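The block underneath contains the structure these notes are about, expressed in C-alpha cells.
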Amino acid sequence: MKIIRFLSYYVLGVIGILLISTSPALFREGSFFNVSSYFSELQMLVGSILNPSEWVYFFKGNPVPLFEHLWEPYRYSMIVFFAGIILAVVVAFILAFGTMFLPKWAKSVVERVLNLLESIPDLLLAFCLQLFIVWLYKQTEILFVDFAAVGSEKIYGLPIIAVSVLPMIMLYKVILMLMEDEVSRSYVQMARSKGLEKSVILNVHVLRNIMKSVFYHSKIIIWVSLSSLFIFEYIFNMNGITTAFFNDFRPIVTTAIMLLLFTPFFIIYQGTEVFVFKDDDASDHINWKMNTFVGSGYSKGQGNKSFKEIMGEVGAHFKNVKFLIGFLVITTMLSISLVYTFTADPLVDQFFHIYEDNKLVSAAPHSPEFVFLGTTELGFSIFDQLLVGAKYTILFALAVAFMRMIIGFILAVPFAFFLPSKLQKGMEKLIDGMHFLPLTLIAYVLLSPVLLMPMGGFTTTEFERILYQGIIMTILVVPLVTILFGNEMKLLMKEEFVMSTKVMGGSSVHLIRKHLLPHLSSRMGVVFGQQFIQTLLLMIHLGVFNLYFGGTKKTFAPFQNDPPTSTTFEWSGLIGASKDSLMTGRWWYIIPALVCFVILIVSMQLIISGIKEVQQVRVGVPIERTNWWRKLLQNRKAKRYRPSWEPEPEDFVFTHEPDIERRKQG
C-alpha cells in the first residue's frame, strides 16, 4: 500500500512537470494564451517521451543522446550541491550546539550577525567570495581556490562554500530555535535536577527529539538553495545543469532536467515520510467540521469595536522600534521615488561626454568620480535609474506578497475545514513536490515567452506583461502558503476555546473572525514579510537571466551590440544588465542596486522581528530587550548625583512627637 501511494505521488509530480514544460507554447508566434497550441505541444511532448528515439539533445546544432549528454553536467551540479548542503548541515549543528553554551548577550550578537548575512542576496555573496579570493591573490600571490571556471574545467571549492552559506544560516537558526524550545520542556528540567551535564542533555535527548522537525524544515531550505544553485553556476561559469538548460530550451529537454532534479529529492523526502516516519492519525479523530457558516446575526456596535481593536493592534506595532524603523525606511524610499517620478524631467539623465576647461575628461561609461554613482555604458545615470525603479520594485514586491498571503488564507479555509482528510493529505503531498523543483527554473520557463522581446518587437503592452508576471509569481507560491495557513488553522482548532465556541453553537464566520483571525494575524504579518523578501530574491534571479520587470528590450540590429535593458528601470534590470561588471572593474554598475536590495531586505527583517515581539507581548511571552545603553546612562546619572556627605542622626525628622520623646528618654 505504501509503495502504491509513493508511486502515485511521484506520478502526480511528473504530470506537473509536463504541464510546466509545455507552457511556452501558450505564447508562440505572438499569441497570448493560445490554449490549442499548448495542448498540441503537450501531446507532442508525451509522444516524444513514449518514443525513445526522440530523446536527443542539440549540442552545437548536432543531435546527441539526451540523458547521456545531460548526465555529466547534472552529476557536476549535484556533487557541488550535495557537498554544500552536507557542509551546511555539519557547520549549522556545530554552531548551534556551541551557541547553547554562550551567554545571553553573545547570543544576541550572533543573531544580529546572522540576520545581516541572511539579508545578503546570493548574487552579492558570490561576487564577494570572488573578490575576496582575488584580493588574497594580490596580497599573497597564492591562488587558494579557483574563483571561476575556464572552458571545460571544473571547480569545486568556492562554489561549494557559496552553496553552503545560505542553507547553513537558515538551518542554524532553525536548529537553535528548536533546541531552545526543547530545553524549556519539563523533562530537561528533571534531567538537570538529577545532575546530568548540559552537554549530555543536548546530545542524548534534545538533538534526538528535534531531528524530525529539522527534517521537515529542511524542505524549504533545499527549495531555496536549488534556486541559488543556478545563480552560482552562472556567476562561477560552471558547465553544470544551468548551461545545459539554456543551450537547448525545448520542452523535452526541460522535462528531462526537471525530472533529474525532482527525482532524488523526492526519493529522499517522500521516501522517508512514507516508509520511515509513522503516520500520525491522531488528528483524524478531531472534528474539523465547521458549524453553520453564517451566524444568527450582527450585533449592534460590533463593527466599531472591531475597528477599534484593529487600530489598537496596528498602533501597538508602530510602538515597536524595530517595526517603526523598517516601516519608515521602506516608506521613505517609496515616497522619494514617487515624488521624483512626478517632478523630474527627464526621468533619467544621459551623459555622453564630460568636459572640463573644454577638454574631454570622461566618456560613457562615467565613473562616480564624474557623475554621482556613475553611469551605464550608454551614459544613463545609475542614481536616476535607482530613483525611478524603486517604486516598481517595492510596489510590485508588496503586491505579490499581499496577493500570495490573501489568496492563500482564503483558500486555506475550505482546505482545512471542508475537504476530507484523505483529500487534504493527497493535496499536501502533491504540493510538497514543489519543494523539489527550483522556483527560479519554473519562473523562467513560464515568464521567458512573455518578458523576452522577440525579433519583431513586443506584441503585448507593458501593463499586460506586468500583470502576467505578477499572476505567475503569485500562483507559484500560493499552494505552499495555502497549506501553511491550513495547517496553522488546524492546530488552532485543537485549542479548548475553539472547541467551546463550537459546542456553544458559534458560526463559522464568528469562529474565523473572533478566534482564528486574531491568532493568525501576527503569523500572516510574518508570512507577508517572508514573501516580500522571497519576491525580491526571485526578481534578482530572473534579472541575472535577463528577465526584467515589465519586459526585456533587446537590440537585433547587425552592427549594434547593446546589452538587454529594462523597459521600467526596475532594480533587477540594473543587476541583470551589469552582472559581469565586477570582473571588468566597473563595480558602480551593480553595487548600488545590490545595496538597495540589501537595505530593503534588512528593513523587512526588522518589520518581521517587530511583529514577532508584539505578538509575544500579546500572548504573555517575556522578551529580553538589550537596553544596555539605557542602563549605562542610568548608572552614570546615579553616580553623578550621588551625595558626597554621609547623613547624621540630626538630619532625620520624626513625624510623631511621642516617638521622639520616648527616644530621648530611652
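The values are calculated or read from the model by the stated rules, or taken from the named source; none is laboratory data. These figures come from a predicted structure and were not determined experimentally. Reconstructed Cβ throughout: ideal geometry from the backbone, glycine too, with neighbour counts over all protein chains shown. Remember, those area values only see protein heavy atoms, side chains included, never the ligands or the DNA or RNA. Shrake-Rupley method; radii C 1.70, N 1.55, O 1.52, S 1.80 Å.
Points to keep in mind about this one:
- Residue within region 495-517 that is closer than 30 Å to residue 570 by Cα, part of a helix (DSSP H, G or I), modelled with pLDDT under 85 and hydrophobic (A, V, I, L, M, F, W, C) present: no
- Here residue 267 does not qualify as of a type in the set (Val, Ile, Thr), open to solvent by 10 Å² or more (accessible area, probe 1.4 Å), touching a strand residue (DSSP E or B) at 6+ places or on another chain (Cβ under 9 Å) and closer than 20 Å to residue 67 by Cα.
- Test: residue in region 414-430 that is open to solvent by less than 10 Å² (accessible area, probe 1.4 Å), modelled with pLDDT under 80 and of a type in the set (A, V, I, L, M): yes
- Only one of the listed residues (218, 227) is under 18 Å from residue 541 (Cα atoms) and in a helix (DSSP H, G or I). That residue is 227.
- Among the residues listed as 179, 190, the single one being surrounded by fewer than 17 Cβ atoms within 10 Å (Cβ to Cβ), in a helix (DSSP H, G or I) and of a type in the set (A, V, I, L, M, F, W, C): 190
- Here 238, 258 are screened, and the one residue that is surrounded by 14 or more Cβ atoms within 10 Å (Cβ to Cβ), touching a helix residue (DSSP H, G or I) at 6+ places or on another chain (Cβ under 9 Å) and assigned to a loop (DSSP other than H, G, I, E, B) is 238.
- Flag for residue 68 being under 29 Å from residue 225 (Cα atoms) and of a type in the set (D, E, K, R): yes
- Among the residues of region 6-22, those identified as open to solvent by 60 Å² or more (accessible area, probe 1.4 Å) and in contact (Cβ under 8 Å) with a residue 24 or more places away in the chain are 10, 12.
- Taken together, the residues in region 55-80 that are open to solvent by 80 Å² or more (accessible area, probe 1.4 Å), touching a residue at least 40 places away in the same chain (Cβ under 8 Å) and in a helix (DSSP H, G or I) amount to 1.
- Residue count for region 44-54 under the criterion of being open to solvent by 80 Å² or more (accessible area, probe 1.4 Å) and within 23 Å of residue 437 (Cβ to Cβ): the result is 2.
- Residue under evaluation residue 88, criteria (1) closer than 23 Å to residue 226 by Cα; (2) free of Cβ contacts under 8 Å to residues at least 60 places away in the same chain, criterion not met: (2)
- Among residues of region 149-169, those that are assigned to a helix (DSSP H, G or I) and either more than 18 Å from residue 219 (Cβ to Cβ) or open to solvent by 70 Å² or more (accessible area, probe 1.4 Å) (or both), counted: 7
- Residues of region 384-413 satisfying the condition of being over 29 Å from residue 487 (Cα atoms) and either of a type in the set (D, E, K, R) or open to solvent by less than 50 Å² (accessible area, probe 1.4 Å) (or both): 384, 385, 386, 387, 388, 389, 390, 391, 393, 394
- Candidate set from region 201-218 (those that are surrounded by 16 or more Cβ atoms within 10 Å (Cβ to Cβ) and within 22 Å of residue 163 (Cα to Cα)); member that is modelled with the lowest pLDDT: 217
- Residue within region 114-125 that is farther than 24 Å from residue 235 by Cβ, free of Cβ contacts under 8 Å to residues at least 60 places away in the same chain and either surrounded by 13 or more Cβ atoms within 10 Å (Cβ to Cβ) or of a type in the set (Phe, Trp, Tyr) (or both) present: no
- Selection of region 330-367 for residues being within 23 Å of residue 601 (Cα to Cα), small (Gly, Ala, Ser) and surrounded by 14 or more Cβ atoms within 10 Å (Cβ to Cβ) yields only 337.
- Looking only at residues of region 518-540 that are open to solvent by less than 10 Å² (accessible area, probe 1.4 Å) and of a type outside the set (Val, Ile, Thr), we find that the one that is modelled with the lowest pLDDT is 520.
- Test: residue in region 443-455 that is within 20 Å of residue 527 (Cβ to Cβ) and open to solvent by less than 10 Å² (accessible area, probe 1.4 Å): yes
- Any hit, region 135-143, residues being within 26 Å of the chain's Cα centre (by Cα) and in a helix (DSSP H, G or I): no
- Applying the criterion of being touching a residue at least 12 places away in the same chain (Cβ under 8 Å) and not β-branched (Val, Ile, Thr) to the residues of region 130-143, the residue that is least open to solvent (accessible area, probe 1.4 Å) is 130.
- Qualifying positions in region 368-383 - open to solvent by 30 Å² or more (accessible area, probe 1.4 Å), modelled with pLDDT of 80 or more and more than 15 Å from residue 593 (Cβ to Cβ): 369, 370
- Every residue from region 541-567 that is among the polar types (S, T, N, Q) and at pLDDT 80 or above: 546, 552
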